[in-house]
Structure formats: structure tokens, C-alpha cells
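The values are calculated or read from the model by the stated rules, or taken from the named source; none is laboratory data. These numbers come from a predicted model, not from an experiment. Cβ atoms come from the backbone with ideal geometry, glycine included; neighbour counts cover every protein chain shown.
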Amino acid sequence: MIQLYIAASLDGYIAKSNDSVDWLDEMPHPEGEDYGYEEFYSGVDTVIMGRKTYDVVVGFGVEWPYSDCKTYVVTRDQNFKGKLGNPTVINDLSQEIVNGIKSESSKNIWLVGGGKLVADFLDQGWIDEMIISLMPVVLGEGIPLFPPKIKESWFSLEKSRSYDSGAVILTYKKK
């Protein structure tokens, strides 16, 4: 199953205009609250991300956070070589490639982001589940969760969970 697991501001942004997600660091984590991340991540063995998202993660200056997962980076740059995570580079995303990734995965596949890649996966109907963490912040501008002019797609709400911090986690399955 391909899952989009992503945080967004109340006004629908996944990052600031400069690609920063530093606003997520401001979220309170009482008693080590991880907002369901560990449970989600334990069910994943593959991550797919766009080049910009990969560069943002590398820019954190930490060890590769997905070292126990197969990593795919989608980019048009034919010469791209990943610095961390030993990524497999995908230059031309197709149904055949997605099917191949699915067949190689024994657990779920995490579509990490960013916005353009999310739109591509939605347009092709490849996202089976969306877990969207709405954070109680308004950014005013930035990179939208869903770029304009994506294909209409319907999902059903499977569950929701709210936290004292004001965060709400919404889980949707493809209809």
C-alpha cells in the first residue's frame, strides 16, 4: 500500500517558501508524544520522495533517518547521485516502475513528499491512504500540500485523532 504521511499547516502548507519545515520543531511533544510516527514508521519498508524533499532531509545534517528502508528519489536530473541513504534514482515515473516498487516491498510504501510528487501520485491514482497531520499553525504562504489543478480524487475518512497540542491526525483511504 502506498501511504502519504505528511504534516500540513492549517492553511494547507507542508513547508515554508524556502522549503523549511522548522515550524514543525515548535510543536510540543509532551512526554515524548510522536503523534503516531513510530507506529506508522514500523509498518514501512520503502520511502519515495522528490529531489527537493531529499535535499531538505540531507540538509538536516543528521544520519539518514530512513536507513532501514529502501529509498527512491524521483528527479529529472539524469546525473543526480544521492549523498545519503543510497537512493535508487527514478528519472521517469511510470505505472510499471510503481508496480515494481510495490512488488519489492513487503510492508507499506511511504510517499514522503513533496507537493509535485504528491500531485503526480494523486493524478495517477497511486495513493492508497493519506495520513495528514494538521498542525495548529497558519504559515500564510509556502509549499501547498496539494498544488492547483490536480485530478479530482475521493477518499473516505477512516479515523481521526486529536491531541491537546491542537494537532489533528486524519487518516483517509482511497474510495
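Restricting VAL89, VAL112 to those that are touching a helix residue (DSSP H, G or I) at 6+ places or on another chain (Cβ under 8 Å) and part of a strand (DSSP E or B) reduces the list to VAL112.
The condition of being at pLDDT 95 or above and surrounded by fewer than 20 Cβ atoms within 10 Å (Cβ to Cβ) holds for only one of THR71, THR88, that being THR88.
Checking the condition surrounded by fewer than 16 Cβ atoms within 10 Å (Cβ to Cβ) and part of a strand (DSSP E or B), which residue from LYS149, LYS159 passes? Answer to the selection: LYS159. Are any of the residues in the range 57-64 of a type outside the set (Asp, Glu), touching a residue at least 12 places away in the same chain (Cβ under 8 Å), in a strand (DSSP E or B) and on the phi < 0 side of the Ramachandran plot? Looking for residues that are of a type outside the set (Asp, Glu), touching a residue at least 12 places away in the same chain (Cβ under 8 Å), in a strand (DSSP E or B) and on the phi < 0 side of the Ramachandran plot, one finds none in the range 57-64, hence no.
Just one of the listed residues (ILE131, ILE127) is in contact (Cβ under 8 Å) with a residue 24 or more places away in the chain and in a strand (DSSP E or B), and it is ILE131. Would you confirm whether or not the range 12-24 contains a residue that is surrounded by fewer than 18 Cβ atoms within 10 Å (Cβ to Cβ), touching a residue at least 60 places away in the same chain (Cβ under 8 Å), of a type in the set (A, V, I, L, M, F, W, C) and farther than 23 Å from PRO148 by Cβ? The answer is yes; a qualifying residue exists.
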